[in-house]
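A short write-up of the structure that comes next.
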Amino acid sequence: LSEVKEMKFGIVVSNWNSNITNDLLNGCLDTLYSKKVSKSNIKILNVPGSFELIYGSKVMQNKQVDVVIAIGCVIRGETRHFDFICNATSIGIKDLNVNGKCPVILCVLTDDNLEQSIARSGGKYGNKGCEAAIAAIKMAAI
Ligand code: DLZ
């Protein structure tokens, strides 16, 4: 696809740390709209946590979209759960890129604390949702 206006986007959003994922989603949508993507070409699906982004993205890959954006935020806690969720999510989404119908953009923050997540979802390090939108447009064009 060469025309951004023709591209169809699927966005899968995790509800864990929803203050952060909402800001990532809004950054992503603002960037898509600024590139003239129409609302009618964007589908949004919510899932409970980042681990569920894998299945949600797989479902979205089969909804006639050109690219999927997976949005989540995992914040380190006291146990090793963080590592399992981050590993599974990134490998699961990698597998969808290898085997699925369209690319999946990984927009999952993996931070040590809330401050780091705030800094990357519209704070001093920008908004990774905006970067994901640009990556998605580039991949939909391939
Ligand atoms: C269980 C869990 C924990 C502890 N932390 C996070 C997190 O920081 N970010 C996130 O997106 N999800 C978290 N989850 C939920 C898991 O992703 C998943 O929803 C559950 O393990 C159920 O499969």
Check: Just checking, which of Val59, Val74, Val98, Val65 is at pLDDT 95 or above, within 30 Å of Glu3 (Cβ to Cβ) and in contact with a Phe, Trp or Tyr (Cβ under 8 Å, 6 or more places away or on another chain)?
Finding: Val65
Note to self: Taking the conditions exactly as written (closer than 25 Å to Val59 by Cα and modelled with pLDDT of 95 or more), does Leu114 satisfy them or not?
What the structure shows: no
Next item on the list: Just name the residue that is farthest from the chain's Cα centre (by Cα) out of those in the range 47-65 that are outside any helix (DSSP H, G or I) and within 12 Å of the ligand (Cβ to nearest atom).
Entry: Pro48
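The values are calculated or read from the model by the stated rules, or taken from the named source; none is laboratory data. Just so we're clear, the structure is a prediction, and the values are computed from it rather than from any experiment. Neighbour counts run over all protein chains shown; Cβ positions are idealised from the backbone, glycine included.
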